[in-house]
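Bear in mind that the values in this text are calculations on the coordinates, not laboratory data. Computed from a prediction, not measured in an experiment: that's the story for all the values here. Methodologically, a virtual Cβ is constructed for each residue, glycine included, from the backbone with ideal geometry; neighbour enumeration extends over all protein chains shown.
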Number of protein chains: 2
Amino acid sequence: MDIKDYMQGLGINAKQAGREISRASSGKKNLALLEIADAIDKNRELLAVENQKDLHAGQHNGLDAAALDRLALTPKAIQAMIEGLKQVAALPDPVGEIIDLSYQPSGIQVGQMRVPLGVIGIIYESRPNVTVDAAALCLKSGNACILRGGSEAIHSNQAIAACITQGLQAADLPVSAVQIVATADRAAVGELITMNQYVDIIVPRGGKSLIERISKEASIPVIKHLDGLCHVYIDDSADIDKAVAIAVNAKTQRYGVCNAMETLLVADNIAVKVLPLLAKSYLEKGVELRGCLKTCSLLPECIRATEADWHTEYLAPILSIRIVDGIDEAIEHINRYSSQHTEAIVTEDYTLARRFLREVDSSSVMVNASTRFADGFEYGLGAEIGISTDKLHARGPVGLKGLTSLKFIVLGDGHIRL
Amino acid sequence: MDIKDYMQGLGINAKQAGREISRASSGKKNLALLEIADAIDKNRELLAVENQKDLHAGQHNGLDAAALDRLALTPKAIQAMIEGLKQVAALPDPVGEIIDLSYQPSGIQVGQMRVPLGVIGIIYESRPNVTVDAAALCLKSGNACILRGGSEAIHSNQAIAACITQGLQAADLPVSAVQIVATADRAAVGELITMNQYVDIIVPRGGKSLIERISKEASIPVIKHLDGLCHVYIDDSADIDKAVAIAVNAKTQRYGVCNAMETLLVADNIAVKVLPLLAKSYLEKGVELRGCLKTCSLLPECIRATEADWHTEYLAPILSIRIVDGIDEAIEHINRYSSQHTEAIVTEDYTLARRFLREVDSSSVMVNASTRFADGFEYGLGAEIGISTDKLHARGPVGLKGLTSLKFIVLGDGHIRL
């Protein structure tokens, strides 16, 4: 098989299906989502068998335990895919929404209509559940998609693809609306991210090196986030109980996630009160502490942080701590080291809260809440295809609206321009 | 002067000034705009003298009449710059606007805050008035900008730059918020469009070849429009008077503009009624008609269109005309040949109007209105920095909001994630 021809074929089909799916009624799209859920429900056994092939091959090829864990389609993982499909079906349809329709002095009415982007290419690692999540979000938002999962999950993904095809057919929607790349050849990715005539946007999901490579090589725009180097700043004016609760939650609720805190900034005047309490809690949970000179003098269990620590997304039970003069130094530190994902301030001071919200240039900025809330579900988006740390188009958790754009519509009654 | 060092210096200054201007109050920004208007008002003579230098050099270098016309800072052009500044000052400040702030089940409040993009690089041809327009929009939207005008306008632009600096100083804002590249060396453009660490977005303004080249070479995202190949479709169900008024206006109100109609599509059953009326009007105005076979059989003055005509943005008194079966063939033609700028339908049929609005994938879609309305002022944006035919971020006329992005804000009261 010639990979270029194969991928171009997918592109042509997707473009055509994208036009049809963009016009599909909300009812048909929801029916397809529920029929896909039904097909998965009825094919649990087949999915398990196909997934076993991938797991065996993975073990044989020396995948580590974490990778095998992500690859496994356990009964619980299958149930989660079914629930996810039902949740997306229940969300409001973003397509065709009209906003800000108002009369202009000339007499025309001008507004904006939300429309699908067209064709979305999604590249991800060996997590078969992403196949269903991504397909559901693209379908609901009226986009066609081309999905390229990790080659280690190819049997699982093909089995899921069959369920998706059944669902689309049952709803009388074009099966090319969701296409899954059926080759493990890595050249397929190179084609996908440069087929500008067929693909409107690329969403890479996975580790930083995957995302960096795709961003660099893609000629199609990419929605991405690279790092989640998130900060919590505890101001003098913080309520101690809230500060402890938030700083412990932001670091320890889960470690390997992009919205976990990696650096804690503490105002000088409150450090002596709050840091010993925090250190006790962190040490109980086995979190290693790396601090600035002042922090180390307060906390004997703390080792000295180096410049590299301020730049590091640990994704692990390690925390860097710096004592700062106040909000100005905190914001300066954040501007310098943050990956612009999520930052939080803990304060009871109205003016400082307002300043932090406006001046910190990150995709999510919080007051008195844990950075762990930076998530499409928690934000009420219903689901997310990823979190964008770019500034253009979509910023922060990207839900259905992030997969659409707004075109202008004009309603007249024979109006001409004078 | 080393161009790379020089441009990097502008980048560093812009980044710093961008932080300051992003926090500047609406009052200060408006004051700066009015002070710039005042400085231009007081320096009309100096501007004219510097502009004369560019005009003389342009004549010497063989610029054509149209280019010299765009280069000229006539008293009328200077007055228009002053009025433009006052208009932008009077627009609402987009920065800091908070939308959709609502409580989530967890108890946190989630909303989105509109924030500046950061640093905007604008590359344009030898129209000195763009210098003021672009600076005003960037300043009001809280962005720093680096402006690179055509080398033929360098004296005019430097004189305008001095006025801008005076205005920024008078309002106590950083003068690096607006920087104008002070070299005619074309290598400056290559640097500007690849300084990803300092520049957040590039806006090219000018001819298609300039925009194509910049889009191709830029590593920074570009807001652009390439072509304005706009269509008007007259359905069977159209009111004849409205159809004639709109089709004449869309083609002939101005020829060299991106929102002028280039191809007219007419439904078979109305062609015999509407086309002779239109042809009479077009011929009176000296518009050359190029039609499909059916059109030519109806209109003796029409010559045969070739395949190339359907692809051509004439920007001239030439119109291609095609008779189609109905809305399906019209939409198919548009999907195939349109540049996705602006398309209009003329119809009295509710269902067809609704279908056209939803199914035509262009940045502006109109019912019973002339394509010439596709414009930031006519849409009530107050001003525009350009028209985007891309789908991501900003689509259609790009005003102040197009120079901002939305970050998420979260307000809690010590909330942690469970």
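When residues in the range B:59-69 are screened for being surrounded by 18 or more Cβ atoms within 10 Å (Cβ to Cβ) and in a helix (DSSP H, G or I), 0 of them pass.
Quickly run through the range B:196-211 and pick out the residues that are without any contact (Cβ under 8 Å) to a residue 24 or more places away in the chain and of a type in the set (Lys, Arg).
The initial filter retains those residues of the range B:196-211 that are without any contact (Cβ under 8 Å) to a residue 24 or more places away in the chain, namely B:208-209, B:211.
Listed by number, the list holds a single entry, B:Lys208.
In the range A:110-133, how many are surrounded by fewer than 24 Cβ atoms within 10 Å (Cβ to Cβ), farther than 18 Å from A:Ala80 by Cα, more than 9 Å from every other protein chain (Cβ to nearest Cβ) and not small (Gly, Ala, Ser)? Looking only at that region, the number is 3. For the range B:388-406, filtered to residues that are buried (at least 22 other Cβ atoms within 10 Å of the Cβ) and among the basic types (Lys, Arg), the residue that is farthest from A:Ile223 (Cα to Cα) is B:Arg395. Set side by side, the residues B:Glu332, B:Glu348 differ, and just one is without any contact (Cβ under 8 Å) to a residue 12 or more places away in the chain, of a type outside the set (Val, Ile, Thr), within 11 Å of chain A (Cβ to nearest Cβ) and surrounded by fewer than 24 Cβ atoms within 10 Å (Cβ to Cβ), which is B:Glu332.
Here's the yes/no breakdown for (1) part of a loop (DSSP other than H, G, I, E, B); (2) touching an Asp or Glu at 6+ places or on another chain (Cβ under 8 Å); (3) in contact (Cβ under 8 Å) with a residue 40 or more places away in the chain:
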| residue | (1), (2), (3) |
| --- | --- |
| B:Ile40 | no, no, yes |
| B:Ala57 | no, yes, yes |
| B:Ile82 | no, yes, yes |
| B:Val95 | yes, no, yes |
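A quick yes/no check of all residues on (1) touching a helix residue (DSSP H, G or I) at 6+ places or on another chain (Cβ under 6 Å); (2) within 8 Å of chain B (Cβ to nearest Cβ):
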residue: A:Glu359; (1), (2): yes, yes
residue: A:Ser370; (1), (2): yes, yes
residue: A:Gly380; (1), (2): no, yes
residue: A:Thr389; (1), (2): no, no
residue: A:Leu392; (1), (2): no, yes
residue: A:Leu403; (1), (2): no, no
residue: A:Phe408; (1), (2): no, yes
residue: A:Leu411; (1), (2): no, yes
residue: A:Ile416; (1), (2): yes, yes
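Of the listed requirements (1) surrounded by fewer than 19 Cβ atoms within 10 Å (Cβ to Cβ); (2) more than 13 Å from chain B (Cβ to nearest Cβ), A:Gln104 misses just one: (2). Pairs needed: first member in the range B:263-282, surrounded by 15 or more Cβ atoms within 10 Å (Cβ to Cβ); second member anywhere, among the small types (Gly, Ala, Ser); C-beta distance under 7 Å; at least 6 residues apart or different chains. Matching pairs, first to second residue: B:Thr263/B:Ser320; B:Leu264/B:Ala247; B:Leu265/B:Ala330; B:Ala267/B:Gly326; B:Ile270/B:Ala238; B:Val274/B:Ala243; B:Leu278/B:Ala247. Scanning the range A:351-366 for residues that are of a type outside the set (Gly, Ala, Ser) and either surrounded by 23 or more Cβ atoms within 10 Å (Cβ to Cβ) or assigned to a loop (DSSP other than H, G, I, E, B) (or both) turns up A:Phe356, A:Val360, A:Asp361, A:Val365, A:Met366.
Given the conditions (1) in contact with a helix residue (DSSP H, G or I) (Cβ under 7 Å, 6 or more places away or on another chain); (2) of a type outside the set (Lys, Arg); (3) within 12 Å of chain B (Cβ to nearest Cβ), report the number of the one that A:Asp241 does not fulfil. In the conditions (1) in contact with a helix residue (DSSP H, G or I) (Cβ under 7 Å, 6 or more places away or on another chain); (2) of a type outside the set (Lys, Arg); (3) within 12 Å of chain B (Cβ to nearest Cβ), A:Asp241 misses (1) alone.
Is there a residue in the range B:231-238 that is in contact (Cβ under 8 Å) with a residue 12 or more places away in the chain, buried (at least 23 other Cβ atoms within 10 Å of the Cβ) and assigned to a loop (DSSP other than H, G, I, E, B)? So that I can check it myself, show each step before the final result.
To start, the set of residues in the range B:231-238 that are in contact (Cβ under 8 Å) with a residue 12 or more places away in the chain comprises B:231-238.
Checking the rest, the ones that are also buried (at least 23 other Cβ atoms within 10 Å of the Cβ) come to B:231-235, B:238.
This time we only want the ones that are assigned to a loop (DSSP other than H, G, I, E, B), so: B:235, B:238.
Checked against the condition, which is being in contact (Cβ under 8 Å) with a residue 12 or more places away in the chain, buried (at least 23 other Cβ atoms within 10 Å of the Cβ) and assigned to a loop (DSSP other than H, G, I, E, B), the range B:231-238 yields at least one hit.
Looking at the range A:335-345, which of the residues that are in contact with a helix residue (DSSP H, G or I) (Cβ under 6 Å, 6 or more places away or on another chain) and either facing another protein chain (nearest Cβ under 10 Å) or surrounded by fewer than 18 Cβ atoms within 10 Å (Cβ to Cβ) (or both) is nearest to B:Leu411 (Cα to Cα)? Taking the candidates together, the pick is A:Ala344.
What about B:Gly376, is it crowded, with 22+ Cβ neighbours inside 10 Å, more than 9 Å from every other protein chain (Cβ to nearest Cβ), within 18 Å of B:Gln87 (Cβ to Cβ) and under 18 Å from the mean Cα position of the chain (by Cα)? Reasoning before the result, please.
On the way: crowded, with 22+ Cβ neighbours inside 10 Å: no; more than 9 Å from every other protein chain (Cβ to nearest Cβ): yes; within 18 Å of B:Gln87 (Cβ to Cβ): yes; under 18 Å from the mean Cα position of the chain (by Cα): yes.
No, not satisfied.
Here B:Leu315 clears all of (1) free of Cβ contacts under 8 Å to residues at least 40 places away in the same chain; (2) at positive phi except the condition numbered (1). Restricting B:Cys292, B:Cys258, B:Cys296, B:Cys302 to residues that are within 14 Å of chain A (Cβ to nearest Cβ) and either over 18 Å from B:Phe356 (Cβ atoms) or over 33 Å from the mean Cα position of the chain (by Cα) (or both) narrows the list to B:Cys258.
Could you count how many residues in the range B:210-248 are over 30 Å from B:Val274 (Cα atoms) and touching a Lys or Arg at 6+ places or on another chain (Cβ under 7 Å)?
Of all residues in the range B:210-248, those over 30 Å from B:Val274 (Cα atoms) come to B:210-226.
Narrowing the set further to residues that are touching a Lys or Arg at 6+ places or on another chain (Cβ under 7 Å) leaves B:211, B:215, B:226.
The qualifying residues number 3.
Only one of A:Glu20, A:Glu50 is closer than 18 Å to A:Ile164 by Cα and surrounded by fewer than 17 Cβ atoms within 10 Å (Cβ to Cβ). Can you tell me which? Before the answer, list the steps.
On the way: A:Glu50 fails: surrounded by fewer than 17 Cβ atoms within 10 Å (Cβ to Cβ).
Result of the check over A:Glu20, A:Glu50: A:Glu20.
How many residues, within the range A:240-262, are outside any helix (DSSP H, G or I) and buried (at least 24 other Cβ atoms within 10 Å of the Cβ)?
Restricting attention to the range A:240-262, the residues satisfying the condition of being outside any helix (DSSP H, G or I) are A:253-262.
Checking the rest, the ones that are also buried (at least 24 other Cβ atoms within 10 Å of the Cβ) come to A:260-262.
Qualifying residue count for the region: 3.
As a summary of the residue check, A:Ala135 satisfies the conditions (1) of a type outside the set (Phe, Trp, Tyr); (2) under 24 Å from A:Tyr314 (Cα atoms); (3) touching a strand residue (DSSP E or B) at 6+ places or on another chain (Cβ under 6 Å) except for the one numbered (2).
For the range A:118-150, a residue qualifies if it is touching a helix residue (DSSP H, G or I) at 6+ places or on another chain (Cβ under 6 Å) and in a loop (DSSP other than H, G, I, E, B), and the qualifying residues are A:Gly118, A:Ser126, A:Arg127, A:Ser141, A:Gly142, A:Asn143, A:Gly149.
For B:Ile146, the test of being within 14 Å of chain A (Cβ to nearest Cβ), within 22 Å of B:Ile180 (Cβ to Cβ) and buried (at least 19 other Cβ atoms within 10 Å of the Cβ) is failed. Taking the criterion of being under 24 Å from B:Arg358 (Cβ atoms) and surrounded by 24 or more Cβ atoms within 10 Å (Cβ to Cβ), would at least one residue in the range A:150-166 satisfy it? No - not one qualifying residue is present in the range A:150-166.
Among the residues making up the range B:284-340, those that are charged (D, E, K, R), in a loop (DSSP other than H, G, I, E, B) and under 18 Å from B:Ala260 (Cα atoms) are B:Lys285, B:Glu313. Of the residues making up the range B:176-195, those that are touching a Leu at 6+ places or on another chain (Cβ under 8 Å) and free of Cβ contacts under 8 Å to residues at least 60 places away in the same chain number 2.
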